[in-house]
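Down below is the structure, laid out as structure tokens.
Derivation of every value follows stated rules applied to the coordinates shown; laboratory data play no part. Model, not experiment: these values are computed from the prediction. Counting neighbours? That spans all protein chains shown, and the Cβs are built from the backbone with ideal geometry, glycine included.
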């Protein structure tokens, strides 16, 4: 299955390990990701005002380009996913905005014919979890993984239709397919604080702290996420907690594809664990899931 | 050309002061087809009616026009007069020259011209009118009540008391419905079974009521006054005729199973009766759980039965009944907790719904009225009640208010506080809707006397931590987020129609709304009738409601049935649609338009020369049709027409008015 | 590669040999070189004269009523089947008849032809400047041979007006398909002519339509050709009630065309046959198209030309527009 | 000397709401022009678009269809079907050159005598301004 791939701004810079693990794992799973040429910022937030055409210019360009390539568009970052998918829906339903955008950009009109998928959705669509189960060489037995969804992936549910917004299961399915155990923790769909981190660390603190503690209370070994922004907020908060709260035991936070890479039997070195703020290798080692790799 | 008579009424000065009635009758005398025209002071008076009768007889008139007040006033009067004179009443038409002419215009000249034109148009309409005869529809004076809850029982008892036979069909093995499961009732806090048991007992022994429990209506045909229904009687595996209700079998049965009646809060035996006051007090074998049905061994019940009434080989059978009216009282259910993922999707044992709380609060329930939480039997020290769980929630596709939850939650909180004085009861609510006699006072009592904590706001999440349920919510009055650790959470889940309501609606050809509640014929004026003539509605089948309201509606439905049965036969209005089978092409594009589902395809045989041609045409069920005429517009060839307001009549009227 | 005509003959032979059909409806050469007329074959020999090409053809679906009405009515054995050459537009017509319970699907063998639009000979003649003597059609071009010179014209230029607005290039389902899908040229819904009329003043519109309707001789060819007009007895042939009077007057023509337009409102499949058969060239498509356009716009119907079980006028939505 | 034009307006009124509303206007002694003539039909859903066209042909200058408010139809859904037909008919008539202002649809309940009288006066005024309709009208 071939898709256009929209990495988003962090995947080539801050979170190379995410990008690399996506590339290496999707190749094994027969998901061909062709990076969109000249892609640009997704728009970062979906504009909620009614005369919001300007805010849609950027995502519209990406969508229109992907459509020209004739593929559905895959992205991994929750924020990009949220913006692109909602823009896609808007231009499909609102002819006026569509005409405005295409006239402004002087491109062919695009009416939302292509689909926007999160990588997890693309996997689900092609029985990816079944394939993962088949291709898993190194099942992560006994590893307790807390799946952190965040909010942008799930809401607004009527538009995104990603999963049940209150009780999503797609990560759990994924975790099961790589042989690990999913930890049910209550805060898995709460907001991490998102962009507020730019203006108010204090507000983000509360949000991220409760997520981390909630996962830690349920004795998770590892937290996985699919969003660089969530990752950033959680990791930042964890750094602070480590300093301030001696009772808190830090939990490695990984991108889900990193664990996938490990399960599919890729070299530990290629899983990008070294770039994570908290190294997951000691835990993985203690569980007997890797033998090499230093911490 | 027909001989038509025209009568212009003065209505004292009401008409004659603005319309020159004399001129009108003079001018009409010369109008083609008019054989007789005259004016009279008060046509609706006895001498006026006599005049009409006499003129019809003397002149052998074939149609008359009465130009007078609105047809809504005296159409029936004049039609009756004409009928007495031997003229078909549907050959009488009224011209409204009072409400719509003399009273609304002041210029006499204009008003007179208009009146004359209106009368001429009516004459044209009468020229095209036909003799119509009301059909006498035979009537079976027997009612079928579907649902044996409080509404169904009320209807059954009322109708039975009036002397008509009733068939009461209930899908469960016993009657009583949801009310039988309740602990105590608001706003009086008297015990539900104390007020219900006399009713169930009376239903059980009333000579006019045939009780068919453990049964379902599977098929229905016919129309009002004459329905034929098929009722499926599911096997009980016990010969209830022979059984004496000693319940030795229940005592000795080795197999325990979850009880539907207890909503997962308690157990019952594989052969058992749901509760001690059940009517009929006869046991039934749960086929899926019984050891004998599973393994072919056991037969303990057979061994202990003193009258030898266990029949493992019993089969379901279908009973056919002819009835005249149907009352749908199929009741309600609660939205499954599994639909509420923010409250744990049913995975926490101590998150229960309102009905489950009723069971554990009920003196005859599994805990004998002691409020214990299901997981470990502990008496909860803190209970959180969440109202509007699913109701008033577009995300759950239940935007409506379930109406009873505000009251029963207050009741639950009170019952709890009466038992556990030092416990805390917290209620999360959106609004408190306590409209009803003594209702608001009841809620206030809960708040003020029993110190139930009411927090205005929604609960975002419930999860389990360290054996406690953590409730995360918001108190919108103080704008603070609230975190409560509770031992038990009670969800006031949305009231939804009975699971089988939609299918039942299709079986009975009665419409349901988007949620499955039955549609009433008119939201204000005909709330107990359905769109299908002869089918009435009672209780929560139509919309969520509490016990007093249910009983009033059920009594209303019963009154409707009794009124219907008070006549010896039914008369149908002949001003209904008719099909010209010669022209009808059978495309049935009229069918979806009919709000009463009165149009059906029929295959007719037409003899043309030597060949017999079979073809499909539309037919009208005259018992169901109410004469709106929407179908006649959908018919391109004009095969579908409306008697009394036919295409011909309207066209002629139109042409005469346009001149 | 086998041409469609050859493939058709082969298939028809098989159908007749296996006794699957009693009749095959197709086309044969007409009275002039480029005209095509309906042909009916009761055995294979008769079918040999039939051809398939890209010249304008009449609409066949309506003949099914004549051939199959008795079968649908149950007078004749149900097993009798009729095969019919079916383009996308014919298919919509056949669906119309099935939805209206006039004929039964099981009695029809749909022999599908993919179609990219038919050639308008008049247009070719115009471009050539004279009456063409020979016209050959290939994949992309039409070569018209005149007295002296030949002209190569691109197909797009001479395709029939009605084909430009085609909503179904090939039958949605068929029993036999004579060729693979065609290029499936995406045709645009074109309501521009209707919009032009809408932009006129009321007076201009009335004068425009008066000019058109005054020509009408009320031959009822439009009705007879239309698959949506499938009544046993047409309202225009009924004298009681007299919806249409017999007077020859412009007002009566208005009446006639108004009634007919409303009788096919929500039922017209935009095949354009009414316009083709009109001897006085009244642009009937502009009447029916207006109703289709409004239905699509007002009632949120995606494609008003595709027959649905319930007509747009046979249902309603609570949020239908309120503005008139 | 010019004679003031008196329009001829046909009103189809549903028996349950609008016709009763017209009666209400009468019992309240409200005044409206005598140019309006009411045809009683059981339901606005009974009005065939052909009737409207016929009215123009036979000499009506304006046509008004009055029915129950949406949701109040005595037959539950008749007025919704009427609305669909009307939406099409009014646009179509306009399209063939008959001024859309000559056709009007109104929801008038049995209690709205005032509204009935007001609508009648308004509509009569509108038609008076438009003048007589000669389009699609039969030549006499």
Give me the percent relative contact order of the range A:105-225, please, defined on Cα pairs under 8 angstrom at least 6 residues apart. 30
What are the extents of the Cα atoms of chain B along their three principal axes, listed from largest to smallest and rounded to whole Å? 98, 69, 44
For the range B:70-141, would you read off the P(r) tail past 14 Å as a percentage of all alpha carbon pairs? 68
Percent of all alpha-carbon pairs of the protein assembly as shown at distances over 57 Å, whole number, is 40
Please give the peptides A:41-51, B:445-455 ranked by average Cβ packing (other Cβ atoms within 10 Å per residue), highest first, as a rough proxy for protection. B:445-455, A:41-51
Work out the mean other chain Cβ neighbour count within 10 Å for the residues of C:308-321 and drop it here as an integer. 5
Count, for each residue of C:228-238, the Cβ atoms from other chains sitting within 10 Å of its Cβ, then give me the mean as a whole number. 5
So what is the calculated 222 nm ellipticity per residue for chain B, using -39500 (n - 2.57) for each DSSP H run with n of 4 or more, over all residues, to the nearest 500 deg cm²/dmol? -8000 deg cm²/dmol
Order B:242-253, B:527-538, C:106-117, C:304-315 from most to least packed using the mean count of other Cβ atoms within 10 Å. B:527-538, C:106-117, C:304-315, B:242-253
GNM of chain A, Cα pairs under 10 angstrom: of A:65, A:144, A:100, the biggest fluctuation goes to A:100
For D:50-63, what's the mean count of beta carbons from other chains sitting within 10 Å of each residue's beta carbon? 6
Fewest Cβ neighbours within 10 Å first, please rank A:18, C:34, B:237 accordingly. C:34, B:237, A:18
Note on the protein assembly as shown, DSSP bridge orientation, antiparallel percent to nearest 5 equals 45
Please report D:16, D:134 as a ranked list, fewest other C-beta atoms within 10 angstrom at the top and most at the bottom. D:134, D:16
Please rank B:522, A:232, fewest neighbouring Cβ atoms within 10 Å first, as an exposure proxy. B:522, A:232
Which order do the peptides A:281-288, B:325-332, B:310-317 take when ranked by the mean count of other beta-carbon atoms within 10 Å per residue, highest first? B:325-332, A:281-288, B:310-317
Take residue B:485 and residue D:130, extend 7 Å from each Cα along the Cα→Cβ direction, and tell me the distance between the two endpoints in nm. 7.6
Would you mind getting me the FRET efficiency between residue C:192 and residue B:525? Use the beta-carbon distance for r and R0 = 51 Å, nearest 0.05. 0.50
Label-point gap, in nm, between residue B:230 and residue A:89 - each point 7 angstrom along Cα→Cβ: 4.6
Note on chain B: contact order normalised by length, alpha-carbon pairs under 8 Å, 6 or more apart, percent, works out to 13
Ellipsoid equivalent to chain C - semi-axes via the Cα gyration tensor, in Å: 32, 27, 20
Of all DSSP beta bridges in chain C, what percent run antiparallel (nearest 5)? 60
How much of the DSSP beta bridge set in the range B:107-255 is antiparallel, as a percent to the nearest 5? 55
If I take the Cα coordinates of the range B:21-165 and project them onto the principal axes, what are the three extents in Å, biggest first? 66, 36, 29
If you take the beta carbon distance between residue D:111 and residue B:514 as r and set R0 to 30 Å, what does 1/(1 + (r/R0)^6) give as a FRET efficiency, to the nearest 0.05? 0.55
What distance in nm separates the two pseudo spin-label positions at residue A:243 and residue A:161, each 7 Å out from Cα along the beta-carbon direction? 4.7
Let me have the relative contact order for chain A, percent, based on Cα pairs under 8 Å that are six or more residues apart. 18
Can you tell which of D:28, D:109, D:128 shows the greatest fluctuation in a Gaussian network model of chain D with Cα springs below 10 Å? D:28
